[in-house]
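The values are calculated or read from the model by the stated rules, or taken from the named source; none is laboratory data. All values derive from a computational prediction rather than experimental measurement. Note that each Cβ is placed from the backbone with ideal geometry, even for glycine, and that neighbours are counted across all protein chains shown.
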Amino acid sequence: MDSFLRWAKDSGILASAVKVVKTPNAGYGLFATRNINPDEVVLHIPRDMLITASRVLQYPHMKAFHGNSDRVIICIFLAHERFIASNSVWKPYMDCLPSDESYRRDHTLYNAQWVAGTSLAAAISAKLTKLKREHASLQLDWLTLDMWIWADVTFWSRVVELGNNELTLVPFFDFANHSLSPNIRWEQGIGVDLLPFGEAIAANTELTLSYGAKSNQELLFLHGFCIPHNPQSSVLTLPVQPFLDEPEKFAWLSQAGSLVLKLGRSGWANDTFRTMYLAALDEDDGLRWEGDQLYLGLKRISSPEALMENVIALDHYQVIELRVILLLLEAVQYHYQELAKAPTMQDGAIKEYIDLYKQEEKTILEHAIEELEDKRNKLLEHNVVINYLSNAS
C-alpha cells in the first residue's frame with residue numbers, strides 16, 4: 001500500500017484528507033484523516049489516471065484491440081498489466097487489486113456451490129460459459145482463462161460510468177465502500193472529485209459511496225457482500241422453455257416475447273402471465289399455427305399483449321388462468337425444495353452474506369407459493385372452472 005500511495009501522489013492524485021485502511025470485512029476502505037468541510041474536495045483523481053477504453057488504446061500493445069467492446073478492451077489491459085507487463089507504470093495499482101487467490105477463496109464466481117439451489121447459481125454458470133467463449137475467441141497466446149476471469153471480476157467490482165456512459169476504472173476512488181447512507185459523492189470535471197454528501201465529515205470516519213440501487217443478488221455477485229434490509233429486491237429468474245410443449249411456441253416467444261420469468265419481493269414481473277398464457281394454451285383452446293404465425297381462433301396474434309387480450313376474451317379464460325397458476329406453482333415449489341436441500345456454507349469470510357441472500361430468496365419463494373395457492377383455491381371455486389372440470393370428467 002505504501003508503494004501505491006507514493007505512486008498515487010506522484011501521478012497527481014490529491015488525497016490530503018484521506019487514508020486507505022484495511023477493514024475487517026470489506027477489504028480496503030477510505031477514511032478521513034481529519035475533519036472535512038461540506039464543500040471540500042476529499043479526493044481528486046486527474047483525467048490521465050482514469051482507465052477507459054479510449055485511454056488504454058493509446059498504448060502500442062493495445063491498438064490491435066480497437067473495435068472490441070469497452071469492457072473487453074479494459075479487461076485485456078488489466079490482465080496484461082497484472083500478469084504480463086514486466087515494467088508497467090500501473091504496477092503499484094495492479095498490486096493493490098485483489099489477487100486471483102483471494103477471489104478463489106472469497107468470490108461466488110469461483111465457488112458456485114455456495115449458492116447452489118438459488119437463482120444466482122444459474123447466473124454464475126451462464127457467466128462462466130460466456131467468459132470461456134470470449135477467452136477462446138480472443139486467441140491470445142499469453143492470456144489464460146484464469147487471467148480472463150480475474151480481469152472480468154475485477155472490472156465489474158470496480159467500474160463506474162462517467163460522462164457519455166463511458167466505462168471507467170478510477171484508482172484510489174475504487175477503495176471507497178458502499179453504503180445505503182453514503183457520506184461522499186463524486187463529480188466529474190478535469191478528472192474525478194470526491195466530495196462530502198452535503199455535511200461535514202469527522203476525522204476517522206469511513207468515507208462511503210452509493211454504488212447505485214443494487215439488489216443483494218447483484219452486490220453478492222459483483223462485490224462479495226449483502227446488505228441487511230436492502231430496499232432493492234433480488235430478482236429470481238425462471239426459464240420459460242421448460243413450460244413450452246411445442247418448438248413453435250419457443251420460436252415465437254424468442255421473437256415476440258421474453259424467455260425468462262422474473263420474480264421479486266413485489267411479485268411477478270408484469271409480462272409473466274402474458275408469457276405463460278402461451279404455455280397454457282393448446283389446440284382445444286383454439287391455438288394453431290400457420291407456418292410461424294400464431295393464431296387463437298380466427299385472430300392472428302402478433303405479440304404477448306395481443307395474446308393476453310384475446311385469452312381474457314375466451315369464455316373459459318379462468319381455466320387458462322388456473323393452468324398458468326398451476327404451472328407457476330409447480331415451478332416455484334420445485335425451486336423452493338432445491339434451495340431447502342442445498343448444503344449450508346459452514347464457514348468463510350462471506351458466510352453471513354451467503355446466508356442472508358439465501359434467506360431473501362427463500363422468503364420471496366414462500367410469498368410466491370402463498371399467493372399462487374390462494375389464487376388457485378379461488379379459481380377452483382369459480383363457476384367457469386367448476387363447469388369445465390365437470391364436463392372434462
> Identify, please: which residue in the range 131-150 is surrounded by 17 or more Cβ atoms within 10 Å (Cβ to Cβ) and in contact with a His (Cβ under 9 Å, 6 or more places away or on another chain) and is, among those, nearest to His107 (Cα to Cα)?
Replying inline: Ile149
> Which condition number in (1) over 20 Å from Leu78 (Cβ atoms); (2) aliphatic (A, V, I, L, M); (3) within 22 Å of the chain's Cα centre (by Cα); (4) loosely packed, with under 15 Cβ neighbours inside 10 Å is the one that Ala203 fails?
Replying inline: (3)
> Are any residues in the range 127-143 touching a residue at least 60 places away in the same chain (Cβ under 8 Å) and assigned to a loop (DSSP other than H, G, I, E, B), and if so, which ones?
Replying inline: Leu140, Trp142, Leu143
> Scanning the range 286-310 for residues that are assigned to a helix (DSSP H, G or I) and touching a Lys or Arg at 6+ places or on another chain (Cβ under 9 Å), which turns out nearest to Gln255 (Cα to Cα)?
Replying inline: Pro304
>> Contact list please: Cβ distance under 6 Å, first residue in the range 266-281 and of a type in the set (Gly, Ala, Ser), second residue buried (at least 22 other Cβ atoms within 10 Å of the Cβ), pairs at least six apart or on different chains.
In response: Ala280/Val324
> Counting just the residues of the range 311-354 that are of a type in the set (D, E, K, R) and either modelled with pLDDT of 95 or more or over 24 Å from the mean Cα position of the chain (by Cα) (or both), which one comes out farthest from Leu253 (Cα to Cα)?
Replying inline: Asp347
>> I need the full set of residues from the range 240-252 which are closer than 30 Å to Lys358 by Cβ and touching a residue at least 24 places away in the same chain (Cβ under 8 Å), in order please.
In response: Val240, Pro242, Phe243, Leu244
> helices (runs of 4 or more DSSP H) wholly in the range 34-126 with at least 2 residues that are of a type outside the set (A, V, I, L, M, F, W, C) and surrounded by 14 or more Cβ atoms within 10 Å (Cβ to Cβ) - which ones?
Replying inline: 70-79, 91-96, 100-106
> So Ile312 clears everything in (1) of a type in the set (Val, Ile, Thr); (2) surrounded by 14 or more Cβ atoms within 10 Å (Cβ to Cβ); (3) without any contact (Cβ under 8 Å) to a residue 40 or more places away in the chain except one condition, right? Which one?
Replying inline: (2)
